[in-house]
1. Scanning for something within 26 Å of ASN274 (Cα to Cα), assigned by TED's automatic domain parsing to the domain that holds ASN217, modelled with pLDDT of 65 or more and in contact with an Asp or Glu (Cβ under 6 Å, 6 or more places away or on another chain), does region 105-119 turn up at least one residue?
2. Of the residues TYR210, TYR170, only one is at pLDDT below 90, in the same structural domain as ASN246 (by TED's automatic domain parsing) and of a type outside the set (A, V, I, L, M); which?
3. Out of (1) over 22 Å from ASN307 (Cβ atoms); (2) in a helix (DSSP H, G or I); (3) of a type outside the set (Lys, Arg), what's the single condition that is false for LEU349?
4. Quick test for you: out of ASN308, ASN303, ASN317, pick the one residue that is touching a Pro at 6+ places or on another chain (Cβ under 8 Å) and within 22 Å of GLU143 (Cα to Cα).
5. Which is among the small types (Gly, Ala, Ser), within 23 Å of LEU154 (Cβ to Cβ), in a helix (DSSP H, G or I) and in contact with a Lys or Arg (Cβ under 8 Å, 6 or more places away or on another chain), of ALA319, ALA369?
6. Of the numbered conditions (1) part of a helix (DSSP H, G or I); (2) within 28 Å of LYS306 (Cα to Cα), PHE195 fails exactly one; give the number of that condition.
7. If you scan region 36-61, which residues turn out to be assigned to a helix (DSSP H, G or I) and surrounded by fewer than 13 Cβ atoms within 10 Å (Cβ to Cβ)?
8. Mind checking which pairs have a first residue in region 130-149 that is closer than 30 Å to ILE312 by Cα and at pLDDT below 80 and a second that is of a type in the set (Ser, Thr, Tyr) and in a loop (DSSP other than H, G, I, E, B), Cβ under 8 Å, 6 or more apart or different chains?
Amino acid sequence: MKISFQSVALTLSFVISSLALSGCQTTRTVDPNNLTLLNQAPFEILKVESQEEIFVLDKQIISSLQKLFRQNDQPEIKQAQLVMQFLLENGDESLLYMSDANLTASQTYQNLNANCLSLSILAYSLSDFLNLQAEFQKVHVPEYWATSRGYNFLSGHINLKIHEDRTRYYTKQVLHTTPRTLTIDFDPNSRQQAFRTTPITKDRVTAMFYNNKGAINMVEGNHDLAFSYFKSAIELDPNYTSAWANLAILYRIAGEFDTAEVFYNQAISLDPNNNTAKGNLAVLYDLTNRTKQAEEIRSALHNYRKNNPYYILTLGNQAMEEGKINKAIRHYRSALKINSQLHEGYFALAKAYFAKGDLVQTKHHIKRALNHAEFEHNQKQYRGKLEWLDAVAKN
């Protein structure tokens, strides 16, 4: 099953279905009967973080900020650049993050190995403290899947845009110039490409946070807490389609198939392009002996995704999980035919050949992965694998 996660707000996999953590703005409305169903749930409602608790900066952070920003007359863009520098100097300069590390602003400050959602929340809170005009943006990245804890997570992505306040320069000659902006983006891949963006609200980002936390708790079997997070996301932002889709997965796991189907359809109604919800609905159709409808959905999704190399890599990963190594290799090679620059594709091939016991091909493809990796943390990972292989060969 696939779960989609906003994490970079991501697909969960028991069978082949998805959990959604990101979603699009919509003008469609929610069926009031579905909101009523939330209050008739077979789950216990537990306490979750409030929006204030998610965004608040603790005293240690405020003290550090006050030391760094002693002058308040610096241009907004300069202060925004200092925000980024502040993050770099107080954590891992590579800004590594884990897709399932969903932390509040203060928690993220203490441990920058969080996901982009948490890092963006922290940057927003830092900007707000400095009275900068900050705006969250949804980044329209291609569908991308990552594997964690035995599940496939479909990742979304957000960043932060900081605007210069031109009213401060009202009496100056620069009034006629275009206001400047700075985008803070914690995903190195996204920074390199000009993906389309859409402004999103603080409430939507909070709903994404709840949705991610719900997804992780669902994976870990904490169903009451997972429901509490999904419910909080929907109550704050009823039109957030991903929360409905993930809530449907939770109901399916609980055996509440009828309600799960209602929630899948609610998610799709809010966003007809929510392919994660459609894929999960196909799983539900399989479980309720509606094979034809399930195959129709899967066929349509495959045709839509067949030119996405990350989707093909996911098919290879599924084949690996099933022990079909040669089939996995064919998928990985197909993905690289679509995009020969994917270091992940070469590393996937290396893992497949290692499973076959072919250390020569394993080392060859790790080297190719290293040659195509643009970022230091990936390069470090591949060098470590090569050193390990050399040590194995010597023994």
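1. For region 105-119, residues within 26 Å of ASN274 (Cα to Cα), assigned by TED's automatic domain parsing to the domain that holds ASN217, modelled with pLDDT of 65 or more and in contact with an Asp or Glu (Cβ under 6 Å, 6 or more places away or on another chain): present.
2. TYR170
3. (1)
4. When all the criteria are applied, what remains is ASN308.
5. ALA319
6. With (1) part of a helix (DSSP H, G or I); (2) within 28 Å of LYS306 (Cα to Cα) applied to PHE195, the lone miss is (1).
7. THR36, GLU52, GLU53, LYS59, GLN60
8. That search, which allows pairs on different chains as well, returns TRP145/THR11; ALA146/SER99; SER148/SER99.
The values are calculated or read from the model by the stated rules, or taken from the named source; none is laboratory data. Since we're looking at a predicted model, the values are computed, not measured. So basically every Cβ, Gly included, is an ideal-geometry build from the backbone, and we count neighbours across all protein chains shown.
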